[in-house]
1. Could you tell me whether any residue of the stretch 235-245 is farther than 21 Å from Gly121 by Cα and open to solvent by 60 Å² or more (accessible area, probe 1.4 Å)?
2. List pairs: first residue in the stretch 55-73 and on the phi > 0 side of the Ramachandran plot, second residue open to solvent by 40 Å² or more (accessible area, probe 1.4 Å) anywhere in the structure, Cβ distance under 9 angstrom, at least six positions apart or on different chains.
3. Go over the candidates Ala179, Ala197 one by one and state the one that is under 21 Å from the mean Cα position of the chain (by Cα) and surrounded by fewer than 15 Cβ atoms within 10 Å (Cβ to Cβ).
4. Could you grab me the full set of residues in the stretch 155-175 that are closer than 12 Å to Gly194 by Cα, assigned to a strand (DSSP E or B), open to solvent by 10 Å² or more (accessible area, probe 1.4 Å) and not hydroxyl-bearing (Ser, Thr, Tyr)?
5. Restrict the check to the stretch 89-103 and report whether at least one residue is of a type in the set (Lys, Arg), within 15 Å of the chain's Cα centre (by Cα), farther than 30 Å from Ser229 by Cα and not in a strand (DSSP E or B).
6. Taking the stated definitions as given, is Ala271 in a strand (DSSP E or B), within 24 Å of the chain's Cα centre (by Cα) and not basic (Lys, Arg)?
7. Kindly indicate the residue of the stretch 182-194 that is within 19 Å of Ile237 (Cα to Cα) and open to solvent by 20 Å² or more (accessible area, probe 1.4 Å) and also farthest from the chain's Cα centre (by Cα) among those meeting that condition.
8. Given Ser274, Ser223, Ser280, which one is under 18 Å from Arg195 (Cβ atoms) and surrounded by fewer than 14 Cβ atoms within 10 Å (Cβ to Cβ)?
Amino acid sequence: MKLGKVLLTFAIGIAIQLGVYFYLDRVLFAPTSDFQIGSTSQQEAAGFGAEPTGQSYYSFDKRFMATILEDQVNIYEAGKKGEPQHVSLHGRKVSFFEWLPDRDLAIFASYGKDSKTGRFGVYIAQYNPLYPDHELDTPIEDAPRDSKITDAAYSTATNVVYMKLEVGKDQYRIYRTDANYDTRRIRVQAENIGRIAVFYDQDIFFYDNLRTGVVYMFKGSDSSWRTISPSGKFRLIGIDGQEIFIAEMNKEDNVIAAYRGRLGVGFKKIATYSTPEEFSKITLNSMHEASDKADNTKK
């Protein structure tokens, strides 16, 4: 009888610990989207203080949080509820913001008239909250007026950034910059570009052509390019390590199958959708699940 009570008490204790862990991991600190904190109460609980306006994004280790308004970027540090760091935008507006997935370094893009010169400009910037006085702004020299950067892909091992510049409705350009601030336009085989990605440890860039349904790769070292998708209509889902994930589309631009591949090897189907899915619902996480199922089926 005594042993039964001990075991029951132990089981209750384990259940309470699991419940607390689940709350912390899945509720209190769970992001509502990539790098985004969902509510003011979550911000306060994490030690950032309350910031009722703007979108909020936290760094990979949750040490820093950025709140983004159209013309403001403020950086808060966990546990320090004083005045945040105010990133100078020089009168410009923010069009893109992202924390790197492995360090407390932010990449963001701004556009508009400079408050000092009155000239229109488009900039890609790096901001390290540990060294706030070393903000790095790189201008896109030939960016058309009223254009803006809407997406960026960063190779953390090679310090190369590829940027997607919107110049009109369904019209985009691709620019590249590196650690030497050598910024140039990349001539690509598409104007209506969908997703972009780059290898973590190589200067190899990927993008898709929404009009033709072709996925391409571009090698920054020699400016060579080639088609990598099979015949048919495809879109780029994303990159994980050296693995490339693409989606096969039907005439209604819904996903009917998913593929996993590598350069020099080719692609293999890992999922078929009996009911076509919206492309926006296909994520890298769902690709990991599909890959695991495909690999287990082979065993």
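1. Scanning the stretch 235-245, I find at least one residue that is farther than 21 Å from Gly121 by Cα and open to solvent by 60 Å² or more (accessible area, probe 1.4 Å), so the answer is yes.
2. From the stretch 55-73, the pairs are Lys62/Phe29.
3. Ala179
4. Lys164, Glu166, Gln171, Arg173
5. Yes, the stretch 89-103 contains at least one residue that is of a type in the set (Lys, Arg), within 15 Å of the chain's Cα centre (by Cα), farther than 30 Å from Ser229 by Cα and not in a strand (DSSP E or B).
6. Against the criterion (in a strand (DSSP E or B), within 24 Å of the chain's Cα centre (by Cα) and not basic (Lys, Arg)), Ala271 qualifies.
7. Gln189
8. Of Ser274, Ser223, Ser280, the one residue that is under 18 Å from Arg195 (Cβ atoms) and surrounded by fewer than 14 Cβ atoms within 10 Å (Cβ to Cβ) is Ser280.
The values are calculated or read from the model by the stated rules, or taken from the named source; none is laboratory data. Quick caveat: nothing in here was measured; it's all calculated off a predicted structure. Every residue, glycine among them, receives a Cβ derived from its backbone with ideal geometry; neighbour counts consider all protein chains shown. Accessible surface areas use protein heavy atoms only, side chains included; no ligands, DNA or RNA. Shrake-Rupley method; radii C 1.70, N 1.55, O 1.52, S 1.80 Å.
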